[in-house]
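The values are calculated or read from the model by the stated rules, or taken from the named source; none is laboratory data. Since this is a predicted model, take the numbers as computed values, not measurements. Methodologically, a virtual Cβ is constructed for each residue, glycine included, from the backbone with ideal geometry; neighbour enumeration extends over all protein chains shown.
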């Protein structure tokens with residue numbers, strides 16, 4: 001099962017290398033990783049998606065907490081969260097296909113950010129379901145390039 | 001306020017942390033620090049003949065005293081030579097602060113002369129490390145380094161010091177107190193878990209305490225002793241835990257695991273409750289994990305949450321310091337007698353004692369027994385790695401913490417001799433032995449110069465069998481006696497080589513020479529090397545083959 005883990009770290013050089021070294025030394029995998037500064041410039045937040053069974057994830061979280069520069073680790077997988085990912089996708093689009101692609105852009109509230117006679121480049125933001133939905137529909141047209149930021153996430157403040 | 005240089009601040013930090021001895025080796029990138037040390041007589045610098053030995057000596061000092069060990073090396077090759085020492089200390093949770101020189105900040109990343117990315121290299125073998133890029137941060141970093149190394153689960157911390165940082169000046173002062181928001185080890189233990197543990201202990205008919213090096217790091221031997229005796233629970237220790245519980249006590253089962261006693265392994269396997277304290281269920285202890293303690297519930301007390309449920313499922317985890325937690329559990333337990341369990345264990349002890357075939361040939365076990373006898377069990381024993389280490393563990397009886405100094409986790413050959421130097425300097429009034437093999441001793445043999453130069457009176461007992469004995473044993477038992485590259489011809493005459501360093505050398509070839517040789521060594525005020533020409537193909541027994549269950553022990557005497 002994939003877990004969504006949010007890690008607050010000291011905003012110091014080398015922290016990513018430390019985390020990468022931990023994952024490689026312990027044989028953990030990472031599906032995606034997004035890093036950036038938070039509201040406090042001394043703190044960065046890393047959002048990562050980590051595959052593994054419960055025992056592996058328990059070790060991942062404990063090992064992360066053990067790193068001196070790691071301030072806080074939260075497993076968001078089973079919590080109410082807002083998650084988003086941004087994807088840029090270049091899709092083949094010639095003749096009548098262009099209209100169909102543009103219709104999908106409207107439906108998914110994506111944006112066209114680059115135009116070429118043979119292709120369109122789209123920007124789409126959303127949760128995993130939306131992004132996977134759009135990509136599935138675009139695949140038959142021919143996806144030429146794809147780049148993803150990796151998920152970012154925040155726990156919801158109101159947990160009702 | 002007078003501004004001071006980085007090098008001055010480093011040395012001042014050593015003084016403020018109460019460091020009396022450091023181990024090091026100079027080089028271009030640490031000359032500023034050596035220049036300050038030149039005027040600092042209150043810090044004794046021991047010049048080893050290899051940086052690896054400096055790291056191991058600092059480690060041996062730390063294990064023997066419980067204080068932080070300090071080593072110092074230059075950039076590049078000096079720093080990389082520390083790597084094995086840092087990994088050794090990391091695996092065994094030894095508090096160490098290692099200082100390395102680094103090329104000037106402006107040259108980092110340029111493949112400069114004697115440049116190595118030592119922080120990158122040591123991420124996974126240090127508890128934490130620092131590359132100092134701003135002189136104003138240096139005092140805080142130094143304070144943090146000593147704090148991190150010595151608190152929580154102890155470990156090595158490396159501080160990489162670019163040469164320009166050593167020379168530049170600041171008025172920042174060494175902080176008295178330190179607080180790190182992302183590092184707050186907790187010691188108390190959860191009260192609910194402690195209560196649960198006490199309940200389950202009172203219900204248990206056949207419990208075993210499995211005690212590791214954490215008892216020694218925590219200084220919890222007395223607490224362990226009281227807990228075991230109040231509840232009448234037998235105690236087995238890991239290699240790292242030797243000395244945590246007195247082996248001459250009736251409750252002692254001695255060591256468990258691959259070369260542990262049969263009775264310890266049987267007790268673990270039949271136990272209905274395992275109380276693991278400061279131990280981490282290493283594969284050399286558990287054997288086949290799926291058959292480890294099949295009937296037992298497990299209570300695991302450890303200061304490091306990552307040690308819990310890493311390889312073995314735990315029923316009651318308690319995160320915290322053994323020294324705090326054991327008395328609190330003790331206060332809640334009733335002190336059951338458990339007579340049937342003790343009768344059973346007594347039968348195993350009687351039936352399966354540790355033994356060897358003492359047939360008049362010079363046996364390594366006999367040498368270790370004699371060392372025990374003549375030092376009255378009061379020596380500090382450092383070991384190398386391999387058969388020598390296991391015989392030292394089995395046939396010397398450890399009754400005090402910090403009396404057995406050995407590379408358990410990493411299994412570093414060449415560790416024992418430099419570690420014995422550190423141990424002797426930390427505990428100058430005690431007899432220190434390095435029980436060595438002829439292979440391991442040659443991995444840091446150059447330190448004969450160090451013991452000669454400072455007249456450090458360690459006694460090196462080489463159990464010389466002419467082989468890499470443990471690998472030979474595996475090849476004998478599991479590879480059809482195909483002895484591939486384990487025969488060590490070409491080794492020097494250890495007596496002559498000791499003498500050429502100005503160290504006393506004694507050769508022993510027969511049983512009756514053992515006692516006189518050891519007496520001579522013990523009455524010599526300086527270092528001594530004794531070359532024991534032992535039986536070449538003696539094996540360590542009992543033995544659980546790698547990956548087998550603990551009860552599947554081989555025994556050469558059966």
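Some notes on this structure:
- Test: residue in segment B:317-326 that is surrounded by 18 or more Cβ atoms within 10 Å (Cβ to Cβ), over 18 Å from residue B:223 (Cα atoms) and within 14 Å of another protein chain (Cβ to nearest Cβ): yes
- In this structure, residue A:130 does not satisfy being in contact with a helix residue (DSSP H, G or I) (Cβ under 6 Å, 6 or more places away or on another chain) and not in a strand (DSSP E or B).
- Within segment B:98-137, tally of residues that are closer than 26 Å to residue B:18 by Cβ, within 19 Å of the chain's Cα centre (by Cα) and either more than 14 Å from chain A (Cβ to nearest Cβ) or without any contact (Cβ under 8 Å) to a residue 12 or more places away in the chain (or both): 1
- If you go through segment B:195-222 and keep only what is more than 21 Å from the chain's Cα centre (by Cα), closer than 14 Å to residue B:333 by Cβ and surrounded by 22 or more Cβ atoms within 10 Å (Cβ to Cβ), you end up with B:197, B:201, B:204, B:207.
- Taking segment B:394-483 and the helices (runs of 4 or more DSSP H) fully enclosed by it, the elements with 3 or more residues that are farther than 23 Å from residue B:22 by Cβ are at B:438-441, B:469-478.
- Checked against (1) more than 14 Å from chain A (Cβ to nearest Cβ); (2) crowded, with 24+ Cβ neighbours inside 10 Å; (3) closer than 26 Å to residue A:66 by Cα; (4) modelled with pLDDT of 95 or more, residue B:285 passes all but condition (4).
- Residue match in segment B:164-180 (condition: crowded, with 21+ Cβ neighbours inside 10 Å, away from chain A (no Cβ under 14 Å) and closer than 19 Å to residue B:37 by Cβ): yes
- Among the residues examined, residue B:457 does not qualify as surrounded by fewer than 17 Cβ atoms within 10 Å (Cβ to Cβ), within 19 Å of residue B:435 (Cα to Cα) and touching a helix residue (DSSP H, G or I) at 6+ places or on another chain (Cβ under 9 Å).
- Counted residues, segment A:48-78 - those being in a strand (DSSP E or B) and either exposed (fewer than 15 other Cβ atoms within 10 Å of the Cβ) or within 12 Å of chain B (Cβ to nearest Cβ) (or both): 5
- Selection of first residues in segment A:130-149 that are on the phi > 0 side of the Ramachandran plot and of second residues that are buried (at least 16 other Cβ atoms within 10 Å of the Cβ), restricted to Cβ pairs under 7 Å at least 6 apart or on distinct chains, gives the following pairs, ordered by first then second residue: A:142/A:91; A:142/A:92.
- Pairs where the first residue, in segment B:292-313, is at pLDDT below 95 and the second is surrounded by fewer than 18 Cβ atoms within 10 Å (Cβ to Cβ) and assigned to a loop (DSSP other than H, G, I, E, B), C-beta under 6 Å, 6+ apart: B:295/B:272
- Filter result for residue B:84 (buried (at least 20 other Cβ atoms within 10 Å of the Cβ) and out of contact with any strand residue (DSSP E or B) (no Cβ under 9 Å at 6 or more places or on another chain)): yes
- Some residue of segment A:116-128 being modelled with pLDDT of 95 or more, out of contact with any strand residue (DSSP E or B) (no Cβ under 6 Å at 6 or more places or on another chain) and within 14 Å of another protein chain (Cβ to nearest Cβ): no
- Filter result (within 15 Å of residue B:541 (Cβ to Cβ) and buried (at least 19 other Cβ atoms within 10 Å of the Cβ)) within segment B:353-368: B:356, B:363, B:364, B:365, B:366, B:368
- Any hit, segment B:299-310, residues being surrounded by 15 or more Cβ atoms within 10 Å (Cβ to Cβ) and away from chain A (no Cβ under 14 Å): yes
- Helices (runs of 4 or more DSSP H) contained entirely in segment B:23-102, each with at least 3 residues that are more than 28 Å from residue B:282 (Cβ to Cβ): B:31-37, B:77-80
- The residue of segment B:181-192 that is modelled with the lowest pLDDT, among those that are within 13 Å of another protein chain (Cβ to nearest Cβ), surrounded by 11 or more Cβ atoms within 10 Å (Cβ to Cβ) and closer than 27 Å to residue B:328 by Cβ, is B:186.
- Pairs with Cβ under 6 Å, 6+ apart, first in segment B:476-498 and surrounded by 10 or more Cβ atoms within 10 Å (Cβ to Cβ), second part of a loop (DSSP other than H, G, I, E, B) and at pLDDT 95 or above: B:486/B:468; B:488/B:466
- Between B:207, B:154, the distinction of being in contact with a helix residue (DSSP H, G or I) (Cβ under 7 Å, 6 or more places away or on another chain) and within 14 Å of chain A (Cβ to nearest Cβ) belongs to B:154 only.
- Check on residue B:278, away from chain A (no Cβ under 14 Å) and either surrounded by fewer than 23 Cβ atoms within 10 Å (Cβ to Cβ) or modelled with pLDDT of 95 or more (or both): yes
- Just one of the numbered conditions (1) within 20 Å of residue A:149 (Cα to Cα); (2) in contact with a helix residue (DSSP H, G or I) (Cβ under 7 Å, 6 or more places away or on another chain) is not true of residue A:28: (1).
- Selection status of residue A:34, more than 22 Å from residue B:152 (Cβ to Cβ) and away from every other protein chain (no Cβ under 14 Å): yes
- Residue selected from segment B:423-435 under the condition touching a residue at least 24 places away in the same chain (Cβ under 8 Å) and closer than 18 Å to residue B:519 by Cα, by the criterion surrounded by the most Cβ atoms within 10 Å (Cβ to Cβ): B:434
- Residue match in segment A:83-105 (condition: touching a strand residue (DSSP E or B) at 6+ places or on another chain (Cβ under 7 Å), within 30 Å of residue B:183 (Cα to Cα) and touching a residue at least 24 places away in the same chain (Cβ under 8 Å)): yes
- Within segment A:1-25, considering residues that are more than 12 Å from every other protein chain (Cβ to nearest Cβ) and touching a helix residue (DSSP H, G or I) at 6+ places or on another chain (Cβ under 9 Å), the one surrounded by the fewest Cβ atoms within 10 Å (Cβ to Cβ): A:1
- Flag for residue B:293 being crowded, with 22+ Cβ neighbours inside 10 Å, within 14 Å of residue B:218 (Cβ to Cβ) and more than 14 Å from every other protein chain (Cβ to nearest Cβ): no
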